[in-house]
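The values are calculated or read from the model by the stated rules, or taken from the named source; none is laboratory data. In this text the structure is predicted, and so the values were computed from the model without any measurement. Positions of Cβ are generated from backbone atoms using ideal geometry, with glycine treated the same way; all protein chains shown enter the neighbour counts. Side chains included, ligands, DNA and RNA excluded: accessible areas come from the protein's heavy atoms. Shrake-Rupley method; radii C 1.70, N 1.55, O 1.52, S 1.80 Å.
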Amino acid sequence: MRLTHLFNILFLSLLLRSGLEILGAHPMLYWNDHCTPGSEWLKFSRKRMPGNRPWTAEDEKIPVSPWLALPGRDHLGLGRYWHFVSLIGWVLTGLLYVALLFATPQWRRLIPTSWEVFPAAWDALVTYLRFDIPEAEGVFNPLQQLVYAFVVLILSPLQILTGIAMSPAIAARFPGYARLFGGQQAARSLHFIGLVAFTVFTLIHLGAVVAHGLGHELAKIVLGIAHGATPAQQATATGIAAAALAGIVVVHVWATRVSLRAPRRVQGRLRRITDPVQRALLGRLRSAQRYDRRALSPVLRANGRPPRDAEYRRLLASGFEGWQLEIGGLVRRPLRLTLAELRALPKQVQVTKHVCIQGWTQIAEWGGVRLSTLLEMCLPLPQARYLLFETFDDKWEAPGRGYYYGTLDLATARQDQTLLAYEMNGRPLPEAFGAPLRLRVENQLGYKMAKWVRRITLIEDYRAIGQGQGGWREDMMQYSQEAPI
Ligand SMILES: Nc1nc2c(c(=O)[nH]1)N[C@H]1C(S)=C(S)[C@@H](COP(=O)(O)O)O[C@H]1N2
Ligand SMILES: [Mo]
């Protein structure tokens, strides 16, 4: 149990720093799922978006210093890997701790068994405020007991539950879940408030350890000597604690440096831990969203700037005359479909919530043809496993990095709400939102939904394409090929 305290410090500190990296990707908090610009209740940036020229949600990011965030300097993809790997460690540590707690008489220290604890805790608080140390019958005084029980049994589970509420796969399959917290953005706000609560707790906790007598307290924490540790024991405990804390600092420095120096390598390693867990927990959740049209967001953010590709500009000017969607690769019947031919296919309309990896959400209505309809027409060969989406998006603001592309596994492509949309809110898809055709994958994060689609190719493996990570943002920004959270 004493060792779980050490691992708790390690994982919580990693969660805190990687969490700040994630927050920097959209440094605003809301109580509404539309994330209407200006409706945030808290904003950590002074940036103002231009009123006269189009901007994208990525312009709103702020890079956080590596002294604060893991890894810092605008590495959302890696920050997420660290967050999820630390989360796995923290949850395992927590489960072990709680199991040991209840398998032994230790739980009596933590769980109050009488209402008396409340007035007694109040007395203890008043004593602290007089700069005195309250009496304790057991190892903890009543105030400590209450606060520790709150952190272990309420704050920690809440932090996990609000974290889960941010997953687009959960939001798509169980739209009611986030409503328990007042919505997905309210859950995100509460997740942040939880972070503040953990930080405040930690600072006061550290202050109390010093105030109660550092040597004695460390002898309790490190060696389990409840009362009357000798000076030699106190010195041993202090030495071990200092070495352990130094070890944690080394882990942080190492994780930060290796992430900033070799992002691709870190992505490859951490992804091997997080992806299978995500797939097992969230991979099978299918989107069943059915928002009311009255729930449409008043303002829609866009990400990715409209292409400057010459062929695209020409097609746009001609109203996409001559544009054809090509579907080829590992199929028995390659297809070429004009917009009119796509519109003639069975149409599906859905009102769904978009969840960007940065953290913002918005609700819109999409109309188009189900990807499964096209897959039935082109007859994929047995070895086909992924769809490759190539786009007109030349990423002109980042020259030399190639065109935007994405990949999607066949099972996700066949889901009911996976759509090739040519309409948004009842009108032809606007240029900024992917005209003439864009993908909607309603149980995944936004970057999986390629806009300005040019061609779809069925492939066996994506590792030979681009830089091998399964998409442009996967290659360039260390995002994950699967995006259910
Ligand atoms: N071609 C292309 N598609 C793209 C992007 C892009 O940069 N280029 N950005 C993605 C990201 S990160 C998001 S959040 C969504 C944004 O969709 P929206 O513009 O409809 O809000 O588009 C996705 N599709
Ligand atoms: Mo995004």
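Scanning the stretch 414-443 for residues that are touching a strand residue (DSSP E or B) at 6+ places or on another chain (Cβ under 8 Å), assigned to a loop (DSSP other than H, G, I, E, B) and within 16 Å of ligand 2 (Cβ to nearest atom) gives GLY434, VAL441, GLU442. A search for C-beta distances below 6 Å between a residue of the stretch 448-474 that is within 20 Å of TRP366 (Cα to Cα) and any residue that is hydroxyl-bearing (Ser, Thr, Tyr) and at pLDDT 95 or above, counting only pairs 6+ apart in sequence or on different chains, returns ALA450/THR391; TRP452/THR391; VAL453/THR391; ARG454/THR391. Condition first: away from ligand 1 (no atom under 14 Å from the Cβ), in a helix (DSSP H, G or I) and not polar (S, T, N, Q). Can you find one or more residues in the stretch 404-412 that meet it? Yes: one or more hits.
ASP461 meets all of the listed conditions (1) open to solvent by 10 Å² or more (accessible area, probe 1.4 Å); (2) farther than 25 Å from GLY268 by Cβ; (3) acidic (Asp, Glu) but one, namely (2).
Summed over the stretch 350-377, residues that are more than 16 Å from ligand 1 (Cβ to nearest atom) and either among the β-branched types (Val, Ile, Thr) or in contact with a Cys (Cβ under 7 Å, 6 or more places away or on another chain) (or both) total 2. Number of residues in the stretch 449-480 that are within 13 Å of ligand 1 (Cβ to nearest atom) and either of a type in the set (Asp, Glu) or closer than 18 Å to ARG305 by Cα (or both) equals 13. Taking the criterion of being in a strand (DSSP E or B) and either farther than 30 Å from GLY77 by Cβ or within 16 Å of ligand 2 (Cβ to nearest atom) (or both), the residues of the stretch 329-361 that qualify are VAL331, LEU335, ARG336, LEU337, GLN348, VAL349, THR352, LYS353, HIS354, VAL355, THR361.
Residues in the stretch 413-448 that are within 19 Å of ARG290 (Cβ to Cβ) and among the aliphatic types (A, V, I, L, M) were compared, and the one that is farthest from ligand 1 (Cβ to nearest atom) is LEU419. Selection of the stretch 153-169 for residues being assigned to a helix (DSSP H, G or I) and open to solvent by less than 40 Å² (accessible area, probe 1.4 Å) yields LEU155, SER156, GLN159, THR162, GLY163, PRO168, ALA169.
Every residue, every condition in (1) in contact (Cβ under 8 Å) with a residue 24 or more places away in the chain; (2) crowded, with 19+ Cβ neighbours inside 10 Å; (3) more than 19 Å from the chain's Cα centre (by Cα), yes or no:
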{"residue": "ALA57", "(1), (2), (3)": "yes, yes, no"}
{"residue": "LEU68", "(1), (2), (3)": "yes, no, no"}
{"residue": "LEU76", "(1), (2), (3)": "yes, yes, no"}
{"residue": "SER86", "(1), (2), (3)": "yes, yes, no"}
{"residue": "ALA99", "(1), (2), (3)": "no, no, yes"}
{"residue": "TRP122", "(1), (2), (3)": "no, no, yes"}
{"residue": "LEU146", "(1), (2), (3)": "yes, yes, yes"}
{"residue": "VAL151", "(1), (2), (3)": "yes, no, yes"}
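Within the stretch 304-338, which residues are open to solvent by 30 Å² or more (accessible area, probe 1.4 Å), under 35 Å from the mean Cα position of the chain (by Cα) and under 28 Å from ASN443 (Cα atoms)? Hits for the stretch 304-338 are ARG305, PRO306, GLU326, GLY329, LEU330. Looking only at residues in the stretch 339-368 that are in contact with a Ser or Thr (Cβ under 8 Å, 6 or more places away or on another chain) and open to solvent by 30 Å² or more (accessible area, probe 1.4 Å), which one is farthest from PRO168 (Cα to Cα)? Once the filter is applied, the top-ranked residue is LEU345. Within the stretch 270-289, restricting attention to residues that are aliphatic (A, V, I, L, M) and open to solvent by less than 40 Å² (accessible area, probe 1.4 Å), which residue is farthest from the chain's Cα centre (by Cα)? Among those residues, the one meeting the criterion is LEU285.
LYS220 meets all of the listed conditions (1) of a type in the set (D, E, K, R); (2) out of contact with any strand residue (DSSP E or B) (no Cβ under 7 Å at 6 or more places or on another chain); (3) open to solvent by less than 40 Å² (accessible area, probe 1.4 Å) but one, namely (3).
Could we say that ALA172 is over 30 Å from ARG286 (Cβ atoms), open to solvent by less than 60 Å² (accessible area, probe 1.4 Å), at pLDDT 95 or above and part of a helix (DSSP H, G or I) here? It is false that ALA172 is over 30 Å from ARG286 (Cβ atoms), open to solvent by less than 60 Å² (accessible area, probe 1.4 Å), at pLDDT 95 or above and part of a helix (DSSP H, G or I).
Taken over the stretch 254-310, the criterion of being within 16 Å of ligand 2 (Cβ to nearest atom) and of a type in the set (S, T, N, Q) is satisfied by SER297, ASN303. Counting the residues of the stretch 248-294 that are assigned to a helix (DSSP H, G or I) and either within 16 Å of ligand 1 (Cβ to nearest atom) or acidic (Asp, Glu) (or both) gives 1.
Selection over the stretch 386-428 of residues that are open to solvent by 10 Å² or more (accessible area, probe 1.4 Å), more than 20 Å from VAL331 (Cα to Cα) and touching a residue at least 12 places away in the same chain (Cβ under 8 Å) gives a count of 14.
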